[in-house]
Amino acid sequence: AIKGGERRRHVRLPTLSKPVDPDALLELHGFGVAFGNLLLGVPFSFDNDMRVTYAGSFWGLLRPFALLAGVVSVSMLATHGSIFLQIRSEGDIAARARKATRIGGLVFMVCFVLAGVWVMAGIEGYQITGMPDPNSAFTPIEKTVTHSAGAWMANYRHYPLLWLAPLLGLAGAALAMF
């Protein structure tokens, strides 16, 4: 009993009938799309006052590779969240979280590999070809960058140990699933 003889009212707690908030999914996907567009390149320029001006449109940002990067982002972060829930819960909720971890991890691994193959096969990269004198005042206009096929893979050719980074990412996702 509560002080004064009042009875407790039952408060209905939110259930997991709608486990994913669509707004959160859109935000997570947008985060991945932004990173995908950074790999593809975004059209911009500097004005006389060195302010950046974006020269594209919103719809121009929704390119297929960038959308795939968004799926990688959503699946990776959903896997992370389901692992956390799995650790912090027990019983039926932990079992459902374990299943979500396996699904999210599998989607992440497949999309991550697809994105990697896509980068290797056909996405042109950027390479710095000229830098200003390091002892001078640096402005971005003085840097020279070229757009060329295979530029994203140049570091993997020069430093073969770098292949461990994506392999460790895949191994981590595989370990998280079990």
Filtering region 161-178 down to residues that are in a helix (DSSP H, G or I) and either open to solvent by less than 80 Å² (accessible area, probe 1.4 Å) or in contact with a Pro (Cβ under 9 Å, 6 or more places away or on another chain) (or both) yields Leu162, Ala165, Pro166, Gly169, Leu170, Ala171, Gly172, Ala173, Ala174, Ala176
Can we say Ile93 is at pLDDT 85 or above and surrounded by 16 or more Cβ atoms within 10 Å (Cβ to Cβ)? no
Is there any pair with a first residue in region 87-100 that is within 21 Å of Ala174 (Cα to Cα) and a second that is surrounded by 12 or more Cβ atoms within 10 Å (Cβ to Cβ) and not hydrophobic (A, V, I, L, M, F, W, C) whose Cβ atoms are under 7 Å apart and which are 6 or more apart or on different chains, and what are they? Ala94/Gln86; Ala97/Ser82; Ala97/Gln86; Ala97/Ser89; Arg98/Gln86; Ala100/Ser82
Restricting region 127-160 to residues that are among the polar types (S, T, N, Q) and assigned to a loop (DSSP other than H, G, I, E, B), the residue that is modelled with the highest pLDDT: Asn135
When (1) farther than 18 Å from Leu40 by Cβ; (2) surrounded by 12 or more Cβ atoms within 10 Å (Cβ to Cβ); (3) in contact with a strand residue (DSSP E or B) (Cβ under 8 Å, 6 or more places away or on another chain); (4) β-branched (Val, Ile, Thr) are applied to Val145, the one that fails is (1)
Answer yes if at least one residue in region 100-110 is modelled with pLDDT of 85 or more and of a type in the set (Phe, Trp, Tyr), and no otherwise. yes
May I ask you to list pairs of residues, at least six apart or on different chains, whose Cβ atoms are under 7 Å apart, with the first in region 106-120 being closer than 15 Å to Gly70 by Cα and the second being polar (S, T, N, Q)? Val107/Ser75; Phe108/Ser75; Phe108/Thr79; Cys111/Ser75
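The values are calculated or read from the model by the stated rules, or taken from the named source; none is laboratory data. Since we're looking at a predicted model, the values are computed, not measured. Cβ coordinates were reconstructed from backbone atoms using ideal geometry, including for glycine residues, and neighbour counts include every protein chain displayed. Accessible surface is based on the protein model in full, side chains and every heavy atom, while ligands, DNA and RNA are left aside. Shrake-Rupley method; radii C 1.70, N 1.55, O 1.52, S 1.80 Å.
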